[in-house]
Amino acid sequence: MFVDNVEIVVKAGTGGNGLASFRREKFLPFGGPDGGDGGRGGNVFLEASIDLKDLASFKHKLFYKAENGGPGGKNKMHGLNGSDLCIKIPVGTIAYVRKNGELVQKADFRINGQRVMIAKGGRGGKGNVHFATATHKAPREFQSGEEGERIDVELQISLPVDVGIIGMPNSGKSTLLSAISGAKPKAADYFFTTQEPVMGTVDDGRNRYVWAEMPAIIEGSRKGKGIGSRFLRHLSRAAVLVYLLDATSQQIEEDLACLKEEVKEFNQEFAGKKYVVAANKMDETVDNTALSNLTEKLAVEGVRLFQVSAIGESGLKDLVATVHKMVTDAGVMQSEEPAPEIIFRPRPVDRQA
């Protein structure tokens with residue numbers, strides 16, 4: 001079974017305690033403080049690897065902890081730093097951390113070898129040598145090591161999708177994907193034929209983009225009706241959404257409103273993605289009044305409605321060309337964003353950092 005979502009807990013190492021000690025050497029019966037500092041706790045990293053295909057390995061282990069730092073020693077000896085822990089995850093994984101009860105995206109792992117610190121180790125405590133002053137020559141104070149960060153992490157594999165097809169049962173999603181790509185999703189005349197996202201590469205002669213058919217959405221999918229809506233998370237990387245409608249439906253406007261609402265309820269950000277609307281099965285429809293009304297309403301919003309027939313393969317070329325241009329434009333706008341300025345500021349070496 002393909003596992004694409006797990007929740008784990010990671011704990012960075014706790015810093016080692018500083019030491020309170022005094023020099024005890026021959027001819028130096030009243031030697032000064034010489035307690036060393038504790039070592040830093042180990043950090044926890046996530047690293048993307050093409051050797052992993054899913055998150056099944058995490059089903060048997062949910063807690064990961066880095067090594068603690070060692071305590072400080074006599075003669076101002078610094079404790080050993082704890083070893084870092086590197087957790088391998090599949091390329092395509094998105095890591096979320098829980099803050100104040102909400103999941104916040106931490107990193108999107110798209111490249112093999114990409115490595116991100118997910119939890120920082122605690123700083124080692126200072127030994128009593130740091131607390132000596134002219135009036136306090138025999139300090140017994142020392143610092144305990146800081147606790148390492150404990151983080152709740154949710155890992156989700158998100159498919160490399162450029163365009164997502166969303167529709168109700170029997171709207172023709174599988175037929176459409178088959179007609180425009182080399183994918184062969186299962187197509188049948190019963191509900192929920194597609195049980196998981198199906199991808200296909202679509203080539204318009206200039207660009208090649210990945211389209212994905214999502215399982216059918218119905219009213220209440222966000223509450224678990226049908227097969228639910230958790231699969232919609234695979235749209236996180238999609239630049240454009242295609243809402244596919246059944247042109248023979250007696251309530252085509254309500255169908256579109258339902259699809260958009262379910263997507264919005266699943267993820268507010270998805271509602272802000274660029275989208276087009278396509279009315280399929282135009283070869284079967286007779287009364288176009290409702291469709292014409294919907295076309296006019298969408299035009300006011302600047303959204304185009306395409307009239308297509310996946311079986312008859314009519315109107316598909318225009319749909320693909322328009323959607324691909326939208327994907328390309330979205331990529332150009334993203335690449336034009338100025339890169340953050342990187343400033344190098346040298347600093348003294350800190351063994352506890």
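The values are calculated or read from the model by the stated rules, or taken from the named source; none is laboratory data. Because the structure is predicted, anything quoted here is derived from the model rather than measured. For neighbour counting, all protein chains shown are included, and Cβ atoms are generated from backbone atoms with ideal geometry for every residue, glycine included.
Before moving on, here are some points about what is shown:
- Lone qualifier among LEU155, LEU177 - being at pLDDT 90 or above, in a helix (DSSP H, G or I) and either in contact with a helix residue (DSSP H, G or I) (Cβ under 9 Å, 6 or more places away or on another chain) or surrounded by 18 or more Cβ atoms within 10 Å (Cβ to Cβ) (or both): LEU177
Let's see how each residue does on (1) closer than 15 Å to ILE165 by Cβ; (2) hydroxyl-bearing (Ser, Thr, Tyr); (3) in the same structural domain as ASP329 (by TED's automatic domain parsing); (4) assigned to a helix (DSSP H, G or I):
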| position | (1), (2), (3), (4) |
| --- | --- |
| GLY200 | yes, no, yes, no |
| TRP211 | yes, no, yes, no |
| LYS225 | no, no, yes, no |
| ARG237 | yes, no, yes, no |
| LEU241 | yes, no, yes, no |
| SER249 | no, yes, yes, no |
| CYS258 | no, no, yes, yes |
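The rows are residues; the columns are (1) at pLDDT 95 or above; (2) more than 20 Å from the chain's Cα centre (by Cα); (3) assigned by TED's automatic domain parsing to the domain that holds ALA138; (4) of a type outside the set (Phe, Trp, Tyr).
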{"site": "VAL9", "(1), (2), (3), (4)": "yes, no, yes, yes"}
{"site": "SER21", "(1), (2), (3), (4)": "no, yes, yes, yes"}
{"site": "ASP34", "(1), (2), (3), (4)": "no, yes, yes, yes"}
{"site": "ASP54", "(1), (2), (3), (4)": "no, no, yes, yes"}
{"site": "GLY82", "(1), (2), (3), (4)": "yes, yes, yes, yes"}
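- Residue ID - nearest to SER174 (Cα to Cα), chosen from residues in region 292-316 that are free of Cβ contacts under 8 Å to residues at least 12 places away in the same chain and not β-branched (Val, Ile, Thr): SER292
- Selection of region 250-263 for residues being modelled with pLDDT of 90 or more and more than 18 Å from the chain's Cα centre (by Cα) yields GLN251, ILE252, GLU253, GLU254, ASP255, LEU256, ALA257, CYS258, LEU259, LYS260, GLU261, GLU262.
- If the condition is being surrounded by fewer than 19 Cβ atoms within 10 Å (Cβ to Cβ) and under 12 Å from the mean Cα position of the chain (by Cα), then region 92-105 contributes TYR96, VAL97, LEU103, VAL104, GLN105.
- Screening region 1-94 for strands (runs of 3 or more DSSP E) wholly inside it with 2 or more residues that are of a type in the set (A, V, I, L, M) returns the ranges 5-11, 44-49, 85-90.
- Test: residue in region 104-115 that is among the aliphatic types (A, V, I, L, M) and assigned to a strand (DSSP E or B): yes
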